[in-house]
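Here's the structure, in structure tokens; my notes come after.
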Amino acid sequence: MKPYIVIVHKDPESAYGMTFPDAPGCFSAADEIDDLFAMAEEALSLWAEGEIDDGRLMPAPRGLEELKRDPAWMESFSDAAMVIAVPPPTVAVRHAAE
């Protein structure tokens, strides 16, 4: 399964903010750059558990180039501090295999 793309923003005097284009309503923040991946994976996992518990199907993650062409996300990419990719949550992989 493809990884989930995470757009990371950083304003002066603030934490790193993370948005997940293919995980509506999922977001996270990290004070330190070294914590980005751990916080992103935790947020995505908790979000996935909520989606599954509520009986909703998780959207399949899109590739980076496809997301960059999506008008809803173009501006977010243009002013991003960085973009990272995190693996799909284990709960989602387990659920998809059932």
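The values are calculated or read from the model by the stated rules, or taken from the named source; none is laboratory data. This one's a predicted model, so the numbers in the text were calculated from it and none came from an experiment. So basically every Cβ, Gly included, is an ideal-geometry build from the backbone, and we count neighbours across all protein chains shown. Ligands, DNA and RNA are stripped out before the accessible areas are found, and what is left, the full protein with its side chains, is counted by its heavy atoms. Shrake-Rupley method; radii C 1.70, N 1.55, O 1.52, S 1.80 Å.
Quick check on Thr90: is it open to solvent by 50 Å² or more (accessible area, probe 1.4 Å) and polar (S, T, N, Q)?
Judged against the criteria, Thr90 is a match.
Looking at segment 1-22 only, could you name the residues that are more than 10 Å from the chain's Cα centre (by Cα), more than 19 Å from Ala72 (Cα to Cα) and open to solvent by less than 90 Å² (accessible area, probe 1.4 Å)?
Listed by number, the residues that qualify are Lys10, Ser14, Ala15, Tyr16.
In this structure, does Asp35 turn out to be over 19 Å from Pro3 (Cβ atoms) and either at pLDDT 95 or above or more than 11 Å from the chain's Cα centre (by Cα) (or both)?
no
Just for segment 23-40: of the residues that are in contact (Cβ under 8 Å) with a residue 40 or more places away in the chain and surrounded by 19 or more Cβ atoms within 10 Å (Cβ to Cβ), which one is farthest from Thr90 (Cα to Cα)?
Only one residue tops the list, namely Leu36.
Output yes when any residue across segment 47-54 is of a type in the set (D, E, K, R), in a helix (DSSP H, G or I) and open to solvent by 60 Å² or more (accessible area, probe 1.4 Å), and no when none is.
yes
Out of the residues in segment 55-82 meeting the condition of being touching a Phe, Trp or Tyr at 6+ places or on another chain (Cβ under 8 Å) and open to solvent by 30 Å² or more (accessible area, probe 1.4 Å), tell me which one is farthest from Pro12 (Cα to Cα).
Going through the qualifying residues, I end up with Lys68.
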